[in-house]
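Down below is the structure, laid out as structure tokens.
The values are calculated or read from the model by the stated rules, or taken from the named source; none is laboratory data. Given the structure is predicted, the values throughout are model-derived calculations rather than measurements. Reconstructed Cβ throughout: ideal geometry from the backbone, glycine too, with neighbour counts over all protein chains shown.
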Ligand code: GLU
């Protein structure tokens, strides 16, 4: 039975690999979910019926478009825009937009595929999608960013809507970009359709806590992981890769929970501050100046800047990869394990390679995948949609409480599902299976579409 099911899952994977040639990150994301599916299909073969798995792997719609824009010197540039509307069995497509030179169709598909299960895990009525562009915001002026966003939305507007598809931010897309995108949507459609985008400013339809949500959520999640081992964040050292929105607010919440965040990074290297990262300074450098992480060590004499290098060489109790995909490989995982890491939770999407995940599994280190640990961002987006739909706005405290409750719920669902399927303590299998079963059951109910 088991061998038969594995052969069937391998066959599904072959079809995906063949049909989506040259998209390694997408293959990686599918392979990780398929690894968890064998045990589900063994228990309940109905999930192999009606082409369910083949349908789940094929996006409902993929939109690719030209984004022309004019720079400050009057030169025309052409970028490529994407929106992959992956699965709407549970609600309108929901997921961020990423502006980064590495963006291509395979990256957007891996992110969209992960988003289906992440969004399902939140327990909220949102489907999965993702989009973005190979536009590089680095070094661009305000005017260039605005004109790019306007051009991007000039095409995207015809594909989105509060009941259809609700984009938000991701790498390279924050409050500023959402503002320009929303402004252009409003102008083109002549509607103040607040629910069409999330991550909006607080005074024009945004939700409290949305900016902080992904980072706070990761910290809440890791607190639950430690609690399950009879431990807490109190007194623990944490290393957090990245220094964007996710990393910044993960650091803040780790500090609020009594831990000490001692290192963070950007693409140029990492800094170590053994006294704990000064968050005001980090925010000033990254959010106001949009500068490099080395400026932190310039300002703090006892801090150290390491150019290039691997942030996972820094010994810590808790590791939170919050930068980007495949930033933590098996050798980094082995270094963390040798240095006594107790819990690892992904703030970014798929930052750990399959070899890294296996190393944590083999060592018995608690490891939470992004689709569980970083779901707080999209969950709070769904809370923003709720507030928009009821023309209401909630307080910071109330929204934060809702977020904390959702993260506790995801932790419980993940760990219970892992145990139920004979994989106790395995957050990867728990998240994949719990996310999958809910979407799959909805897809059955809706027929072959
Ligand atoms: N980009 C975030 C994620 O990876 C948030 C998406 C959203 O809020 O729609 O989940």
> Which of the following residues is under 19 Å from the mean Cα position of the chain (by Cα), within 16 Å of the ligand (Cβ to nearest atom), surrounded by fewer than 18 Cβ atoms within 10 Å (Cβ to Cβ) and free of Cβ contacts under 8 Å to residues at least 40 places away in the same chain: 201, 175?
Replying inline: 175
>> Of the conditions (1) more than 12 Å from the ligand (Cβ to nearest atom); (2) touching a strand residue (DSSP E or B) at 6+ places or on another chain (Cβ under 8 Å); (3) not in a helix (DSSP H, G or I), residue 156 satisfies every one except a single condition; which number is it?
In response: (3)
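Does residue 214 satisfy the criteria of being in a helix (DSSP H, G or I), touching a residue at least 40 places away in the same chain (Cβ under 8 Å), within 15 Å of the ligand (Cβ to nearest atom) and under 19 Å from residue 167 (Cα atoms)? Write out each step before concluding.
Details: in a helix (DSSP H, G or I): yes; touching a residue at least 40 places away in the same chain (Cβ under 8 Å): yes; within 15 Å of the ligand (Cβ to nearest atom): yes; under 19 Å from residue 167 (Cα atoms): yes.
So residue 214 passes the test.
If you take just the strands (runs of 3 or more DSSP E) that sit entirely in region 45-141, which of them hold at least 1 residues that are closer than 19 Å to residue 442 by Cβ, in contact (Cβ under 8 Å) with a residue 12 or more places away in the chain and within 16 Å of the ligand (Cβ to nearest atom)? I'd like the intermediate steps shown before the answer.
On the way: elements: 61-70, 76-87, 93-99, 128-133.
Those strands (runs of 3 or more DSSP E) span 76-87, 93-99, 128-133.
Would you tally the residues in region 317-340 being away from the ligand (no atom under 16 Å from the Cβ) and within 25 Å of residue 377 (Cα to Cα)?
Of the residues in region 317-340, the ones away from the ligand (no atom under 16 Å from the Cβ) are 317-319, 328-340.
Applying the additional criterion that residues be within 25 Å of residue 377 (Cα to Cα) yields 317-319, 328-329.
Qualifying residue count, region 317-340: 5.
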> Quick check: anything in region 385-396 within 12 Å of the ligand (Cβ to nearest atom) and either over 26 Å from residue 271 (Cβ atoms) or modelled with pLDDT under 95 (or both)?
Replying inline: yes
> Which number in (1) away from the ligand (no atom under 16 Å from the Cβ); (2) surrounded by fewer than 18 Cβ atoms within 10 Å (Cβ to Cβ); (3) without any contact (Cβ under 8 Å) to a residue 60 or more places away in the chain marks the one condition that residue 408 misses?
Replying inline: (3)
> Do we have any residue at all in region 10-27 that's in a helix (DSSP H, G or I), within 19 Å of the chain's Cα centre (by Cα) and farther than 26 Å from residue 156 by Cβ?
Replying inline: yes
> Quick one: in region 264-301, which of the residues that are in a helix (DSSP H, G or I) and at pLDDT below 95 is nearest to residue 318 (Cα to Cα)?
Replying inline: 287
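Give 35, 42 a once-over and let me know the one that is more than 20 Å from residue 354 (Cβ to Cβ) and surrounded by 15 or more Cβ atoms within 10 Å (Cβ to Cβ).
Within the list 35, 42, the selection yields 42.
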